[in-house]
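These notes concern the structure reproduced below.
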Amino acid sequence: MGQGAAVKGPVVIVGAGHAGFQLATSLRQAGFADPIHLINDEAHLPYQRPPLSKAYLKGTGGPETLMFRPQKFYSDQNIDLVYDRAVAVHRDARNVLLASGATLDYGHLVFATGARNRLLDIPNANLPDVRYLRILDDSESLRTLLAGAKRVVVIGAGFIGLEFAATARIKGLEVDVLELGARVMARAVTAEISDYFQKQHADAGVRIHLGVQATSIEADGAKVTGVSLSDGRHIPTDLVVVGVGVLPNVEIASEAGLAVASGIVVDEYLLTSDPHISAIGDCALFASPRFGGTLRLESVQNATDHARCVAARLTGDAKPYDGQPWFWSDQGNDKLQIAGLTTGYDQVVLRGDPAQKAFSAFCYKEGRLVGIESVNRAGDHMFGRRLLAAEGTIDPGKAADLNFDLKSALN
Ligand SMILES: Cc1cc2nc3c(=O)[nH]c(=O)nc-3n(C[C@H](O)[C@H](O)[C@H](O)COP(=O)(O)OP(=O)(O)OC[C@H]3O[C@@H](n4cnc5c(N)ncnc54)[C@H](O)[C@@H]3O)c2cc1C
């Protein structure tokens, strides 16, 4: 397929998460009339993942509250939802082998396989009360376990670990969070944001232990009784939740001979070296002219914008992917929103006051704005998205001045 020509024949999408669902939907919206096979290896209709560590974990609603669309949508749109798992891709024959033994021919194949949890490799980590949080079934069982447990140890102070910790605390559990790094969410946010959230969690009664590693899970038979730490301490608990990052699902692409590094390698069109295969979402390591070099992101925005970009290309409107990253995380009563990529900054300017629980960290690199991290300041976040999408910047002095109307910087 040339980059400007619409694809002919079936589109097979491996993975029915945020990216896969959006791709199938956007293809139909763009008038794509050939078959679409959306391979879904989970037992549910495609659903939203973010609530799994937030509202869904806290609430009482059933799985149907998470579904993007009801079953009827797929039949109405003639999207073939295939409840199976892709196990191999035969590029010469242009087909996908499923675990059931069936094969699906493709005109174009899209990997939207997402990522899976990185597993904890310490003694007793395989006990039933050592849990992870990635899929709906995980959140379902954690709801039940939260109702019965008195204490939980969370391993990893990233977004998911902290969202879970806040919910567990609200539900009345004693919560200890273990983090190897020197501050929470250190890989993703500025020290100002880390410090703020660390204090909020501590004020809510969550005990955060920094610079420590879990060395083993202690147990009485199959029952978890505690976690031993690298500094010799032992924290009693009856439940452990692990959030130590994810690994992209790249194996089938790799076995099919496609280039794989820290994700399935794609160009700025999200196309692999095979002109009949693309990759999108969490699994894709994509070339980014906007940021220079390659990126692999884990966010809903990235998954859905990738999907829209590929749907446009497959229906004859090829453009390089140029999405502006944004992200959010809800922890307790606080909403963190991030616009742009706040890595590699050399200057941080605060707008607002952490003590008032509403502020933003404007991040600069060589004098240019690269991203804004906002806590309970949705207006700053929306401003950041618009400004960064237009490749604009704002003087740090104006950013820090609450009397300066940000909107005037958009013109
Ligand atoms: C608990 C939780 C909370 C989150 N909160 C936020 C948030 O607040 N904000 C935000 O922006 N992002 C959040 N994220 C991240 C966001 O959900 C992901 O970035 C997004 O889901 C990525 O979409 P995806 O389609 O690439 O992957 P996924 O949504 O993970 O979907 C991939 C699907 O492919 C399936 N699959 C894999 N291999 C195969 C195969 N061989 N055959 C068939 N199917 C296969 C997987 O089982 C999965 O269903 C959160 C993630 C989690 C887990």
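Restricting to region 20-39, name every residue that is touching a strand residue (DSSP E or B) at 6+ places or on another chain (Cβ under 9 Å), within 22 Å of R134 (Cα to Cα) and either among the hydroxyl-bearing types (S, T, Y) or open to solvent by 10 Å² or more (accessible area, probe 1.4 Å) (or both). If the condition is that a residue be touching a strand residue (DSSP E or B) at 6+ places or on another chain (Cβ under 9 Å), within 22 Å of R134 (Cα to Cα) and either among the hydroxyl-bearing types (S, T, Y) or open to solvent by 10 Å² or more (accessible area, probe 1.4 Å) (or both), then F21 is the only one that fits.
Residues are listed down the side, and each one gets a yes or a no for (1) outside the structural domain of L173 (by TED's automatic domain parsing); (2) open to solvent by 20 Å² or more (accessible area, probe 1.4 Å); (3) within 16 Å of the ligand (Cβ to nearest atom); (4) at pLDDT below 95:
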{"residue": "Y74", "(1), (2), (3), (4)": "yes, no, yes, no"}
{"residue": "I79", "(1), (2), (3), (4)": "yes, no, yes, no"}
{"residue": "R85", "(1), (2), (3), (4)": "yes, yes, yes, no"}
{"residue": "D138", "(1), (2), (3), (4)": "no, yes, yes, no"}
{"residue": "A147", "(1), (2), (3), (4)": "no, yes, no, yes"}
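Quick one: in region 57-72, of everything that is modelled with pLDDT of 95 or more and open to solvent by less than 60 Å² (accessible area, probe 1.4 Å), which residue is farthest from N95 (Cα to Cα)? This residue is L66.
If we only count strands (runs of 3 or more DSSP E) wholly inside region 191-277, which ones have 3 or more residues that are open to solvent by 30 Å² or more (accessible area, probe 1.4 Å)? So the answer is 207-210, 214-220. State all residues of region 89-100 that are exposed (fewer than 15 other Cβ atoms within 10 Å of the Cβ) and either within 14 Å of the ligand (Cβ to nearest atom) or of a type in the set (A, V, I, L, M, F, W, C) (or both); if no residue qualifies, say none. If the condition is that a residue be exposed (fewer than 15 other Cβ atoms within 10 Å of the Cβ) and either within 14 Å of the ligand (Cβ to nearest atom) or of a type in the set (A, V, I, L, M, F, W, C) (or both), then A93, A99, S100 are the ones that fit. Checking the stated criteria, F21 turns out to be near the ligand (Cβ under 10 Å from one of its atoms) and either touching a residue at least 40 places away in the same chain (Cβ under 8 Å) or assigned to a loop (DSSP other than H, G, I, E, B) (or both).
Of the residues making up region 366-404, those that are modelled with pLDDT of 95 or more and outside any loop (DSSP other than H, G, I, E, B) number 24. Identify the residue in region 312-362 that is of a type in the set (S, T, N, Q) and more than 19 Å from L388 (Cα to Cα) and, among all such residues, is farthest from the ligand (Cβ to nearest atom). Out of the qualifying residues, it is Q356.
For region 280-298, the set of residues classified as open to solvent by 40 Å² or more (accessible area, probe 1.4 Å) and more than 12 Å from the ligand (Cβ to nearest atom) consists of P289, R290, F291, G292, G293, T294, listed by residue number. Looking at region 122-133, can you tell me whether even one residue there is over 30 Å from A6 (Cα atoms), open to solvent by 50 Å² or more (accessible area, probe 1.4 Å) and without any contact (Cβ under 8 Å) to a residue 24 or more places away in the chain? Yes. Every residue in region 259-279 that is out of contact with any strand residue (DSSP E or B) (no Cβ under 6 Å at 6 or more places or on another chain) and either within 14 Å of the ligand (Cβ to nearest atom) or free of Cβ contacts under 8 Å to residues at least 60 places away in the same chain (or both), please. If the condition is that a residue be out of contact with any strand residue (DSSP E or B) (no Cβ under 6 Å at 6 or more places or on another chain) and either within 14 Å of the ligand (Cβ to nearest atom) or free of Cβ contacts under 8 Å to residues at least 60 places away in the same chain (or both), then V260, S273 are the ones that fit. Considering region 33-85, and only residues there that are touching a residue at least 60 places away in the same chain (Cβ under 8 Å), in a strand (DSSP E or B) and in contact with a Leu (Cβ under 6 Å, 6 or more places away or on another chain), the residue that is nearest to A312 (Cα to Cα) turns out to be H37.
Inspect all residues belonging to region 119-128 and state whether any of them is within 12 Å of the ligand (Cβ to nearest atom), among the hydrophobic types (A, V, I, L, M, F, W, C), in the same structural domain as D203 (by TED's automatic domain parsing) and closer than 18 Å to V246 by Cβ. No; the residues of region 119-128 include none that is within 12 Å of the ligand (Cβ to nearest atom), among the hydrophobic types (A, V, I, L, M, F, W, C), in the same structural domain as D203 (by TED's automatic domain parsing) and closer than 18 Å to V246 by Cβ. Just one of the listed residues (F159, F164, F111) is in contact (Cβ under 8 Å) with a residue 40 or more places away in the chain and assigned by TED's automatic domain parsing to the domain that holds F286, namely F111.
Summed over region 296-342, the residues that are closer than 30 Å to V175 by Cα and assigned to a loop (DSSP other than H, G, I, E, B) give a count of 6.
The values are calculated or read from the model by the stated rules, or taken from the named source; none is laboratory data. On a predicted model such as this, the values are computed, not experimentally measured, just so you know. For neighbour counting, all protein chains shown are included, and Cβ atoms are generated from backbone atoms with ideal geometry for every residue, glycine included. Heavy atoms of the whole protein, side chains included, go into the accessibility calculation; ligands, DNA and RNA do not. Shrake-Rupley method; radii C 1.70, N 1.55, O 1.52, S 1.80 Å.
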